[in-house]
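To start, the structure under review is shown below, and the notes come after it.
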Amino acid sequence: MTLPTYRAEHIVQGEPLMIHALEDFVGELTRQRPWLKARYEEALEAVDDLLSADTPATLSAYLSTDPAALLAALPGQELLAEALGAFNDYLREWHWV
């Protein structure tokens with residue numbers, strides 16, 4: 001039996017930050033679908049900015065936030081729902097969560 005391989009970087013101390021997961025996601029997205037990179041990156045950075053008031057947002061803070069609340073708080077982000085869905089899929093597939 002082979003154990004699953006974890007592809008996400010492991011954080012030695014503290015909780016993973018959302019920005020680290022976003023950077024990895026955008027890097028992988030650039031490799032797979034470069035035409036979406038700039039649009040997704042802008043939408044997801046807006047979410048990180050919203051959650052990072054005084055300190056960088058942790059990944060658990062992002063995961064505990066209601067996606068509908070994020071969509072309501074960031075109007076005019078047409079691709080945001082699609083970007084959030086792709087980011088959430090990436091987090092599970094690459095074993096961030």
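The values are calculated or read from the model by the stated rules, or taken from the named source; none is laboratory data. All values derive from a computational prediction rather than experimental measurement. Please note: Cβ atoms are built from the backbone with ideal geometry, for glycine as well, and neighbour counts cover all protein chains shown.
Could you tell me whether L3 is hydrophobic (A, V, I, L, M, F, W, C), surrounded by 15 or more Cβ atoms within 10 Å (Cβ to Cβ) and at pLDDT below 90? When the stated conditions are applied, L3 does not pass them. Note on the range 52-85: residues that are outside any loop (DSSP other than H, G, I, E, B) and either buried (at least 17 other Cβ atoms within 10 Å of the Cβ) or on the phi > 0 side of the Ramachandran plot (or both) amount to 7.
For the range 6-25, the criterion of being more than 18 Å from W96 (Cα to Cα), at pLDDT 85 or above, part of a helix (DSSP H, G or I) and not hydrophobic (A, V, I, L, M, F, W, C) is met by none of the residues.
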